[in-house]
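Q: The structure that follows is given in the form of structure tokens.
The values are calculated or read from the model by the stated rules, or taken from the named source; none is laboratory data. Here the structure is a predicted model, which means the values were calculated and not measured. For neighbour counting, all protein chains shown are included, and Cβ atoms are generated from backbone atoms with ideal geometry for every residue, glycine included.
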Amino acid sequence: MEYEGQICRPPMERASFMLAISVGCAYNRCKFCNLFKHLKYRVLPMEQIEGELKRVKAANGNPKQVFLGDGNAFGRKTEDLLKILDMIHNYFPACEGVNMDAAITDISRKTDTELQQLKEAGVSRLYVGIESGLDDVLIFMDKDHNLEEAYCQIRRIQSAGLIFNAHIMTGIAGAGRGIENGIKTAEFFNCTKPERITNFSLFLDPCTPLYQEIEKGRFIPASELENLKEERKLLELLETDSLIYDGFHDYITFRVRGTLPKDREKMLAKLDHAIAQNKEAEKLIAYGNCFSQTA
Ligand code: SF4
């Protein structure tokens, strides 16, 4: 299938077969997001989806994991999702799980029975963009949820047996608020217990509404050094029996990953080393494809 827009999937889904069931993001308003702003959201027809499944089967494909795209595949009508899940299992008998991104509002639009049906039909993991543990930041960034709604909807998916995976972004609270955000984000996850957290540290793309906020002086971006310190605070405070953490800082080519609590000390030591090695990152902001120096 010819893929429209950018291929966007969590790193842990890199071995999954990616099946597009829609194009773009139905919400498409988060200020920091550059993924689908150029695309008009639309669902793909069932015939096109089935055609892709047939094509892969004919090439002897029988993947164990399928990832449904794009931005918020879970927003598609339950009736459609159930049909798609049925087709997947029909064409790929080895399939053990179907995963996808979900926005909090997508979850809220489904009843408990629908969530249960989707679980029984093979949905396994939902990746939810939580982003921050601070309500004012979620409002400023025009996320589709506040914390109370996130608590409520995550409880509902977990009650249905679906696995909650979270995406966050260090740096999203702006300069001077990294530690505060780290503390509040840890508080949120200590209650909601995700299986995995992926941190895509904030990247400031000139094509996003957030960039205009920076130009108007309404958002002061945090430095890469502050982002590392925020991540350290978060890792220090996460209370869990088992949580997989993966954090990327592409612009200082730093990545910290492991399972908490077992790898905590190793991960904190790695962050301490990165903080010491990146003192100059105090002046580095992750703008576009390169760093800009602040004054
Ligand atoms: S819901 Fe996700 S894909 Fe859609 S605009 Fe927000 S961050 Fe981007």
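Q: Which one of the conditions (1) on the phi < 0 side of the Ramachandran plot; (2) within 17 Å of the chain's Cα centre (by Cα); (3) surrounded by 21 or more Cβ atoms within 10 Å (Cβ to Cβ) does Ser124 fail to meet, given that it meets all the rest?
A: (3)
Q: Which of the residues spanning segment 77-106 are buried (at least 19 other Cβ atoms within 10 Å of the Cβ) and not in a helix (DSSP H, G or I)?
A: Phe92, Cys95, Val98, Asn99, Met100, Asp101, Ala102, Ala103
Q: Any idea which of Glu282, Glu224, Glu231 is modelled with pLDDT of 95 or more and either assigned by TED's automatic domain parsing to the domain that holds Asn181 or closer than 20 Å to Ala166 by Cβ (or both)?
A: Going through Glu282, Glu224, Glu231 in turn, just one is modelled with pLDDT of 95 or more and either assigned by TED's automatic domain parsing to the domain that holds Asn181 or closer than 20 Å to Ala166 by Cβ (or both): Glu231.
Q: Looking at Thr113 and the list (1) surrounded by 16 or more Cβ atoms within 10 Å (Cβ to Cβ); (2) in the same structural domain as Phe32 (by TED's automatic domain parsing), which single condition is not satisfied?
A: (1)
Q: Moving on to the next point. Look through Lys83, Lys31 and report the one residue that is closer than 30 Å to Gln212 by Cα and modelled with pLDDT of 95 or more.
A: Lys31
Q: Of the residues Thr208, Thr240, Thr198, which single one is among the polar types (S, T, N, Q) and modelled with pLDDT under 95?
A: Among Thr208, Thr240, Thr198, only Thr208 is among the polar types (S, T, N, Q) and modelled with pLDDT under 95.
Rundown of residues vs (1) closer than 30 Å to Ser124 by Cα; (2) in contact with a Gly (Cβ under 8 Å, 6 or more places away or on another chain); (3) surrounded by 15 or more Cβ atoms within 10 Å (Cβ to Cβ); (4) not assigned by TED's automatic domain parsing to the domain that holds Val98, yes/no style:
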position	(1), (2), (3), (4)
Ala175	no, no, no, yes
Pro194	yes, no, yes, yes
Asp205	no, yes, yes, yes
Leu210	no, no, yes, yes
Asp241	yes, no, no, yes
Arg257	yes, yes, yes, yes
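Q: Sort through Ala102, Ala94, Ala73 and tell me the only one that's out of contact with any Asp or Glu (no Cβ under 9 Å at 6 or more places or on another chain) and within 16 Å of the ligand (Cβ to nearest atom).
A: Ala102
Q: May I pose another question? Of everything in segment 249-270, what is part of a strand (DSSP E or B) and out of contact with any Lys or Arg (no Cβ under 6 Å at 6 or more places or on another chain)? Give them in sequence order.
A: Of everything in segment 249-270, those that are part of a strand (DSSP E or B) and out of contact with any Lys or Arg (no Cβ under 6 Å at 6 or more places or on another chain) turn out to be His249, Phe254, Arg255, Arg257, Gly258, Thr259, Leu260.
Q: Within segment 221-229, identify whether any single residue is in a loop (DSSP other than H, G, I, E, B), surrounded by 18 or more Cβ atoms within 10 Å (Cβ to Cβ) and among the aliphatic types (A, V, I, L, M), and answer yes or no.
A: Scanning segment 221-229 turns up at least one residue that is in a loop (DSSP other than H, G, I, E, B), surrounded by 18 or more Cβ atoms within 10 Å (Cβ to Cβ) and among the aliphatic types (A, V, I, L, M).
Q: Is segment 1-8 home to any residue that is part of a helix (DSSP H, G or I) and either hydroxyl-bearing (Ser, Thr, Tyr) or under 23 Å from Ile163 (Cβ atoms) (or both)?
A: Within segment 1-8, not a single residue is part of a helix (DSSP H, G or I) and either hydroxyl-bearing (Ser, Thr, Tyr) or under 23 Å from Ile163 (Cβ atoms) (or both).
Q: Here is a further query. Counting only residues that are within 21 Å of Gln212 (Cβ to Cβ) and in contact with an Asp or Glu (Cβ under 8 Å, 6 or more places away or on another chain), which one in segment 36-70 is nearest to the ligand (Cβ to nearest atom)?
A: Phe36
Q: Further question: Here are Ala59, Ala20, Ala73, Ala15: which of them is surrounded by fewer than 16 Cβ atoms within 10 Å (Cβ to Cβ), touching a residue at least 12 places away in the same chain (Cβ under 8 Å) and hydrophobic (A, V, I, L, M, F, W, C)?
A: Of Ala59, Ala20, Ala73, Ala15, the one residue that is surrounded by fewer than 16 Cβ atoms within 10 Å (Cβ to Cβ), touching a residue at least 12 places away in the same chain (Cβ under 8 Å) and hydrophobic (A, V, I, L, M, F, W, C) is Ala15.
Q: Then there's this: Which condition does Lys40 not pass, out of (1) out of contact with any helix residue (DSSP H, G or I) (no Cβ under 8 Å at 6 or more places or on another chain); (2) within 23 Å of Val128 (Cβ to Cβ), if it passes all the others?
A: For Lys40, the failing item is (2).
Q: Quick one: is Leu35 of a type in the set (A, V, I, L, M), touching a helix residue (DSSP H, G or I) at 6+ places or on another chain (Cβ under 7 Å) and surrounded by 17 or more Cβ atoms within 10 Å (Cβ to Cβ)?
A: no
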